[in-house]
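Where a number appears in this text, it was derived from the coordinates with a stated rule and is not lab data. Everything numeric here is computed off the predicted structure, so don't read it as measured data. For neighbour counting, all protein chains shown are included, and Cβ atoms are generated from backbone atoms with ideal geometry for every residue, glycine included.
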């Protein structure tokens, strides 16, 4: 392959940095959207219908991915193929985020064509579509760009690890923000997303513009200049066996992730009776991801990305099994972990404020839950960074076969399948919770849900998503694209490029 300079640490950081505000959006979108729109302290809409609006918007989002991916593969400017899309998508995305969390209208019942409904449902669908259009325009080329700026097997893991580190750091900021806001009396989900939205609107443009200036986009060198028809591209993609395995594997994993994210807040509020402490759980949970990323990266260098991913899946699944046990166990078992004991480590004013706020609320289970979730969460970074690095590897296999650089097509199809799977997971999670009798608008203290519905909620939140993730293990066992195999493929590509341009560059 043509020589590319190794990226400096500043360039690696500049490429990964936009993932920080992006994950600051992603965290509330994943775990706060259902509480904000379907909780009694939010906009008070139906959990089932909110889940449906989320699913419809995700389907729309998935369909647009291939369009942007194919366009960015064919789009050539003096600034590159990917950078213009990132710049165009940025303001659209920020507008959608602002309208989602800070709506300019009051929600209420309206009547159109003889049908009464809450205006909140079509509004939610519309702003989600705006936000997802902006996200697709910038994110698909952004991911493809990341696959193209590094060619070495392990350097790609480094690129994705930097990006994942910023992703988790952004999630940590998003988690710490509501935790800190508690001390100023802001405990509602709507309060949390308000402050996060303002921060995102300021930080994201700065980091994205720095990336566009600082990170190189190397000129494309393809054996074949003739664009391939869309049907031919799909045929090559489906024939790419390692890529096909990755898509199937993480389709199921994404279904499980969507179920967990959509039900996370309700589990903490209704099972652990600690909804106002939700930010305190998110902070150590995401911190554990940051701490563990270098360990998973080291493991992947020793045993390969696919085996390290298998290990992360097994670790994640083991600790998921403990979640329903917290539901079953009596509160008396967790007395030593009550907030009143843990708060003694905080400054006296903070401790007094917390003890006053949560007086009479049993919070012992919450402390134990944090420990379990830190152990479980330490695998999340690996389950994000390693598959993305593996996806970058399979694009080289396509390049060897087609002579094209089609990272946009591959990452768009990858994104489309994951988003459609996420939509399915949202429907499955929120609908199943409703079917088993869970009511998201119920008062967890004075008018709690039934014991059986809470136990089912715990299983839908942990056990069933873990089962979806475990499907990947046997499929990854004999994953064919190892470091050695990738080196052979890249040698073939280098030979093809040499035949195309036998004269060495003098620059």
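Arrange the following residues from fewest to most other Cβ atoms within 10 Å of their Cβ: 43, 10, 286.
Values: 43 20, 10 11, 286 26.
Going from least to most buried by this count: 10, 43, 286.
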Could you give the C-alpha radius of gyration of the stretch 43-115 expressed as a fraction of 2.2 N^0.38 Å, taking N as the number of residues it contains? 1.57
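Mind ordering 197-203, 432-438 by average Cβ neighbours within 10 Å, highest first? Before the final figure, lay out the partial values.
Working: 197-203: 16.0, 432-438: 18.1.
Peptide ranking by packing, descending: 432-438, 197-203.
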Of 441-451, 310-320, ordering from highest average Cβ density within 10 Å down gives 310-320, 441-451
Using the C-alpha atoms of the stretch 1-146, what convex hull volume per residue, in cubic angstrom, is computed? 145 Å³
Quick check on the exposure proxy: order 427, 140 from fewest to most C-beta atoms within 10 angstrom. 427, 140
By counting other Cβ atoms within 10 Å of each Cβ, how are 164, 495 ranked from fewest to most? 495, 164
